[in-house]
Each structure stands twice: as C-alpha cells, then as structure tokens.
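Peer 1: The structure that follows is given in the form of structure tokens.
The values are calculated or read from the model by the stated rules, or taken from the named source; none is laboratory data. Please read these numbers as outputs of a predicted model, since none were measured by experiment. Because the Cβ atoms are built from the backbone with ideal geometry, glycine has one as well, and the counts that use them run over all protein chains shown. The area values use the complete protein model at the heavy-atom level, side chains included, leaving out ligands, DNA and RNA. Shrake-Rupley method; radii C 1.70, N 1.55, O 1.52, S 1.80 Å.
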Amino acid sequence: MLVTLEGLDGSGKTTVWEALHDVYPDATFTTEPTSGETGSWYGEAVYRSIEDDGADPLAELFLYTADHADHLSRVIEPALERDDLVISDRYSDSRYAYQGATLAEDGRITRPLEYVVGIHRAFSIEPDLTIYLDLDPETAAARAGTTNKFERAEYLTSVRDNYERLIDRDPARFVRVDATQPPEVVLERVEDVLASALEEDEADTGDE
Ligand SMILES: Nc1ncnc2c1ncn2[C@@H]1O[C@H](COP(=O)(O)OP(=O)(O)OP(=O)(O)O)[C@@H](O)[C@H]1O
Ligand SMILES: Cc1cn([C@H]2C[C@H](O)[C@@H](COP(=O)(O)O)O2)c(=O)[nH]c1=O
C-alpha cells in the first residue's frame, strides 16, 4: 500500500513521517525529492535547483520528474512488490501543486496543473491514500522559515489552491488533517487514518 504525506512547506509532514517510523518499523520510508537512505544523484540535482533562484521552471519540473521516475523504479515499485507499506514524505501531488504554481507564474504553458499531471499519466503510480496536512500559507511560511524560493506566503497561496483542485478531483484518495493543531494531535489523527486504511486494505485483500 502506497501512502503519501502532502502539504505546504512547514505543514508538519516530516514531523509526522519521522514519528511513524516507531509505529510502522517494517514499512519502507522514503521522500521526494529523494534524499538520505533512498536518495540518488537525481535528488541531489533537484536540491541544487531548489537553491537556484534563477532555475528555469520547465527544466526544474523535468528534474523533479526524473527524480520521481528513478524513485519509482528503484524504491517504490520493489517495495510494493514485496507488499511493504510505503510511506512517502511528498510525492507526485507536490509536483502538480508546486510546479503547477511555478509554471502558472512563468506563463509559457497553458493549463499548467493539467500539463504536469499529464506528463505523469503514462508511467506513475497513484497513491492508495494521501494525507493532506492542511495549513494556511502564512503559518506555513513562518514555520518553514522562508529558507528557499518556495517558502513565501504568496507563492504558497497558489500551491494551496492547486492542492484544493487536486482534492476536488479525487476526494476518495485524500484525507485532510488540520495541521494547525499541536503536533501530538496531528499525529494521533494521522495514526487513526492510517490504521483505518490498513484495516480496509486488509479486508479487501482477504476478500480476493
Ligand atoms: N503541528 C505543529 N504545530 C506547530 N509546529 C509544528 C507542527 N508540526 C511541525 N511543526 C514545526 O514546524 C516546523 C516544520 O515542520 P516539518 O519540517 O515537519 O514540516 P514539513 O511539512 O516537513 O516542511 P518542509 O516541506 O518545508 O520540509 C518544525 O520546526 C516543526 O517542529
Ligand atoms: C517533491 C517536490 C517538492 N517540491 C518542493 C517543496 C519544498 O519546498 C521543496 C523540498 O521539499 P522538502 O519537503 O522541503 O524537502 O521542494 C516541489 O516543488 N515539487 C516537488 O515535486
């Protein structure tokens, strides 16, 4: 089962992702952009681009997408074949929401969100469950510390609008969690959501 954590910078994804290691010690934990144990030079290239305020938005989209393609074949698909629970801190929805927003500012691509979704259609795997940590852009930017070009409240407002569009299109996949709550409350809610989804998945698999 593939579970993804999504939300604005500073919404608390990594805090939750780290805490879930203790709850699901046998799961495969991974991230996008890739880094650490599941990292690659593609992920390193993405982080270089994040630090480059003049990076070309289309080139940046394809760097992120290259990292995703490699992540799928090297980490996600083998883990799913082993029947692991896979928990990814960010995944394709980040691309749809963030690069959708960047390309809207850029202006070269009409219907940027649809364009980014479209380039994934032929090869990507949709998550079974996406937990969306919902936070207003101002709090998100303040928590994230505005350390890179994405962590600005104005930009995060259009990223959040894109997440809302994605949720409207696929409400069954997303579960919204109020990320303004204290960390322990957010974690408890995420744990409940995850436990129910795993129970449901087990029941469905048992029925086959
Ligand atoms: N529920 C919460 N309430 C208040 N502060 C929080 C909460 N969750 C996390 N934080 C704090 O906010 C900051 C950002 O948290 P975290 O790194 O988990 O967010 P993130 O969504 O992974 O951000 P990014 O996408 O930028 O990596 C950290 O200082 C963290 O301690
Ligand atoms: C996967 C992905 C990420 N981003 C952005 C979001 C963040 O500002 C940075 C790095 O992510 P982290 O969680 O803070 O490590 O990259 C993006 O724009 N597009 C993506 O596909």
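Peer 1: Considering (1) closer than 23 Å to ASP128 by Cβ; (2) more than 12 Å from ligand 1 (Cβ to nearest atom); (3) open to solvent by 30 Å² or more (accessible area, probe 1.4 Å); (4) not basic (Lys, Arg), say which one LEU85 fails and leave the rest.
Peer 2: Going through (1) closer than 23 Å to ASP128 by Cβ; (2) more than 12 Å from ligand 1 (Cβ to nearest atom); (3) open to solvent by 30 Å² or more (accessible area, probe 1.4 Å); (4) not basic (Lys, Arg) one by one, LEU85 breaks only (3).
Peer 1: Just to be sure, is THR205 surrounded by fewer than 17 Cβ atoms within 10 Å (Cβ to Cβ), over 21 Å from VAL16 (Cβ atoms) and among the hydroxyl-bearing types (Ser, Thr, Tyr)?
Peer 2: Values: surrounded by fewer than 17 Cβ atoms within 10 Å (Cβ to Cβ): yes; over 21 Å from VAL16 (Cβ atoms): yes; among the hydroxyl-bearing types (Ser, Thr, Tyr): yes.
Taking the combined requirement at face value, the residue satisfies it.
Peer 1: Let me confirm something: among THR130, THR139, THR102, THR157, which residue is under 15 Å from the mean Cα position of the chain (by Cα) and outside any loop (DSSP other than H, G, I, E, B)?
Peer 2: Details: THR139 fails: under 15 Å from the mean Cα position of the chain (by Cα); THR102 fails: under 15 Å from the mean Cα position of the chain (by Cα); THR157 fails: under 15 Å from the mean Cα position of the chain (by Cα).
Going through THR130, THR139, THR102, THR157 in turn, just one is under 15 Å from the mean Cα position of the chain (by Cα) and outside any loop (DSSP other than H, G, I, E, B): THR130.
Peer 1: Sticking with this structure for a sec: Just to be sure before I move on: is THR15 within 13 Å of ligand 2 (Cβ to nearest atom) and within 24 Å of PRO183 (Cβ to Cβ) in the structure I sent?
Peer 2: On the way: within 13 Å of ligand 2 (Cβ to nearest atom): yes; within 24 Å of PRO183 (Cβ to Cβ): yes.
In short, yes.
Peer 1: Which ones in the stretch 160-171 are buried (at least 19 other Cβ atoms within 10 Å of the Cβ) and either of a type in the set (A, V, I, L, M, F, W, C) or more than 15 Å from the chain's Cα centre (by Cα) (or both)?
Peer 2: So in the stretch 160-171, the residues buried (at least 19 other Cβ atoms within 10 Å of the Cβ) come out as 160, 162-163, 166.
Result: LEU166, single match.
Peer 1: From ASP106, ASP136, ASP128, grab the single residue that is touching a residue at least 40 places away in the same chain (Cβ under 8 Å), closer than 13 Å to ASP9 by Cβ and of a type outside the set (Phe, Trp, Tyr). Explain how you work it out, then say what you get.
Peer 2: On the way: ASP106 fails: closer than 13 Å to ASP9 by Cβ; ASP128 fails: closer than 13 Å to ASP9 by Cβ.
Among ASP106, ASP136, ASP128, only ASP136 is touching a residue at least 40 places away in the same chain (Cβ under 8 Å), closer than 13 Å to ASP9 by Cβ and of a type outside the set (Phe, Trp, Tyr).
Peer 1: Still on this model: Determine if the stretch 179-200 includes at least one residue that is assigned to a helix (DSSP H, G or I), within 9 Å of ligand 1 (Cβ to nearest atom), in contact (Cβ under 8 Å) with a residue 24 or more places away in the chain and open to solvent by 80 Å² or more (accessible area, probe 1.4 Å).
Peer 2: Here is the first cut: in the stretch 179-200, the residues assigned to a helix (DSSP H, G or I) are 183-200.
The next check asks that each one be within 9 Å of ligand 1 (Cβ to nearest atom); those that pass are 183-187.
Pick out the ones that are also in contact (Cβ under 8 Å) with a residue 24 or more places away in the chain and you get 183, 186-187.
Keeping just the survivors that are open to solvent by 80 Å² or more (accessible area, probe 1.4 Å) gives 183.
There is at least one residue in the stretch 179-200 that is assigned to a helix (DSSP H, G or I), within 9 Å of ligand 1 (Cβ to nearest atom), in contact (Cβ under 8 Å) with a residue 24 or more places away in the chain and open to solvent by 80 Å² or more (accessible area, probe 1.4 Å).
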